[in-house]
1. Kindly provide the set of residues from region 3-29 that are crowded, with 19+ Cβ neighbours inside 10 Å, outside any loop (DSSP other than H, G, I, E, B) and not aliphatic (A, V, I, L, M), ordered by number.
2. Scan region 33-45 and report the pairs whose first residue is touching a residue at least 60 places away in the same chain (Cβ under 8 Å) and whose second residue is part of a strand (DSSP E or B) and not β-branched (Val, Ile, Thr), with Cβ atoms within less than 7 Å and a gap of 6+ or a chain change.
3. Within region 93-103, which residues are within 13 Å of ligand 1 (Cβ to nearest atom) and surrounded by 15 or more Cβ atoms within 10 Å (Cβ to Cβ)?
4. Just give me the residues in region 201-250 being among the basic types (Lys, Arg), away from ligand 1 (no atom under 16 Å from the Cβ) and more than 20 Å from Val96 (Cα to Cα), in sequence order.
5. Among residues belonging to region 116-133 that are of a type outside the set (Gly, Ala, Ser), in a strand (DSSP E or B) and buried (at least 17 other Cβ atoms within 10 Å of the Cβ), point out the one that is farthest from ligand 1 (Cβ to nearest atom).
6. In region 134-154, which residue that is over 17 Å from Glu107 (Cα atoms) and modelled with pLDDT under 90 is surrounded by the fewest Cβ atoms within 10 Å (Cβ to Cβ)?
7. Which members of region 55-80 meet the condition of being in contact (Cβ under 8 Å) with a residue 40 or more places away in the chain and within 12 Å of ligand 1 (Cβ to nearest atom)?
8. Name the single residue that is nearest to Ala111 (Cα to Cα) among those in region 189-200 being surrounded by 22 or more Cβ atoms within 10 Å (Cβ to Cβ) and more than 10 Å from ligand 1 (Cβ to nearest atom).
Amino acid sequence: MNVHEYQAKEVLREFGIAVPEGLVATTPAEAEAAARALGTSVVVVKAQVHAGGRGKAGGVKLAKSPAEAKEVASEILGMTLHTPQTPPEGKLVRKVYVEAGSEIADELYLAVVVDRAEEKLAVIASTEGGMEIEEVAEKTPEKIVTETVDGNIGIQAYQIRKIGCALGLGAEQVKQLDALLGGLFRLFNEKDASIAEINPLVITKDGDLVALDAKINFDDNALYRHEDIAKLRDPEEEDERERAAHEIDLAYVGLDGNIGCMVNGAGLAMATLDMIQYCGGSPANFLDAGGGADKEKVKEAFKLILRDEKVKAILVNIFGGIVRCDLIAEGVVAAAGELGVEVPLVVRLQGTKAPEGRAILAESDLNITSAETLQEAGERAVAAAAGGA
Ligand code: GDP
Ligand code: MN
């Protein structure tokens, strides 16, 4: 789960990491009042959306007075931000964070991530913090240092010195880095984070390390044990369809293609997406209907898939292990009939009672193509989406 910058900073603060003072505002008047309450000569008004790259897109602006903060907030609130991290339609800004301005001497990059290959955590650091870290990684990867950390032992003193050295820090700043990384690792472990990124981590004119931006991702599967984190969820930032799917217990992820997919089992769903690509097509979504897919579930899944106007064909790929293919076939026929599904349907049933299921599909007068192998299913779905079936 993703959270807003202001929420991530609240969590950083809880773990003793220095962040500027700030207040959330949803109207220009509130932004003006926030700037006045902060009382600093400069404030920064920052769009709060679940996406980075806001600075370059006009979502982060300095203001030198409360009146200017109001003006700047009126520009940012209600704007649709387009950054490399937003969906194609952009993100509507509903809140801004008004923050005490910092005097920046240098912008660094610091992150803790899970290194899956090493089965450890990793600290990633760079002197080239700010708004272009992706470009740094691409063009001058030597400017990024990675230090692998054993989660059971924790970060070691020599590793902190090594990172401090790579960042060009003085002795006093290395002490601050030590405290900061200690807090960040505690946060990571105690709150079950999966990414904690501070970009930029600035060195102020006074020589202090301050987290000027914060992105924290939390493991969804651990939210049940973090009530405080779970309530930071902002449904307005989530994909509408993914949220609807979540409510009816379907795992759905929207993608860019035109072949809607309904599959039972996450592994089979992934294999189905691969097969569609292999056959030259492009999937519109990932959808795991789960083990207990029944007619109602099939119907809800169809509804969800059809909310995506790009969908030109639907591929249903069900393996009958626990579920019976004949019941799925009845569900598909009933749901497609009731919903008046107009796009071509390609259905592959395998496993328990598959022949009975295929017979039910064959008897229906709906536009359904049956397939036996996964490759056949992929090829037929791609042809159907292209208008050839
Ligand atoms: P992002 O573009 O979404 O990553 O947003 P950031 O929070 O990282 O802000 C983008 C940039 O705005 C930073 O890299 C800084 O250069 C600048 N910025 C943010 N806060 C301040 C501030 O308090 N003072 C100054 N001078 N610049 C700031
Ligand atoms: Mn940033």
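The values are calculated or read from the model by the stated rules, or taken from the named source; none is laboratory data. All values reported here derive from a predicted model rather than from experimental measurement. As a convention, Cβ positions derive from the backbone with ideal geometry for all residues, glycine included, and neighbour counts pool all protein chains shown.
1. Glu5, Tyr6, Gln7, Lys9, Gly22, Pro28
2. These pairs meet every condition: Ala34/Leu23; Ala34/Ala25; Ala35/Ala63; Leu38/Leu23; Leu38/Ala100; Thr40/Ala100.
3. At the first step, the residues of region 93-103 found to be within 13 Å of ligand 1 (Cβ to nearest atom) are 93, 96-103.
Passing the criteria: Val93, Val96, Tyr97, Val98, Glu99, Ala100, Gly101, Ser102.
4. First, pick out the residues of region 201-250 that are among the basic types (Lys, Arg): 205, 215, 225, 231, 233, 241, 243.
Applying the additional criterion that residues be away from ligand 1 (no atom under 16 Å from the Cβ) yields 225, 231, 233, 241, 243.
Those that are among the basic types (Lys, Arg), away from ligand 1 (no atom under 16 Å from the Cβ) and more than 20 Å from Val96 (Cα to Cα): Arg225, Arg241, Arg243.
5. The initial filter retains those residues of region 116-133 that are of a type outside the set (Gly, Ala, Ser), namely 116, 118-121, 123-124, 127-128, 131-133.
Applying the additional criterion that residues be in a strand (DSSP E or B) yields 120-121, 123-124.
Subsequent filtering for residues that are buried (at least 17 other Cβ atoms within 10 Å of the Cβ) retains 121, 123-124.
Details: Leu121: 22, Val123: 19, Ile124: 15 Å.
Only one residue tops the list, namely Leu121.
6. Here the answer is Asn152.
7. Gly55, Lys56
8. Ala196
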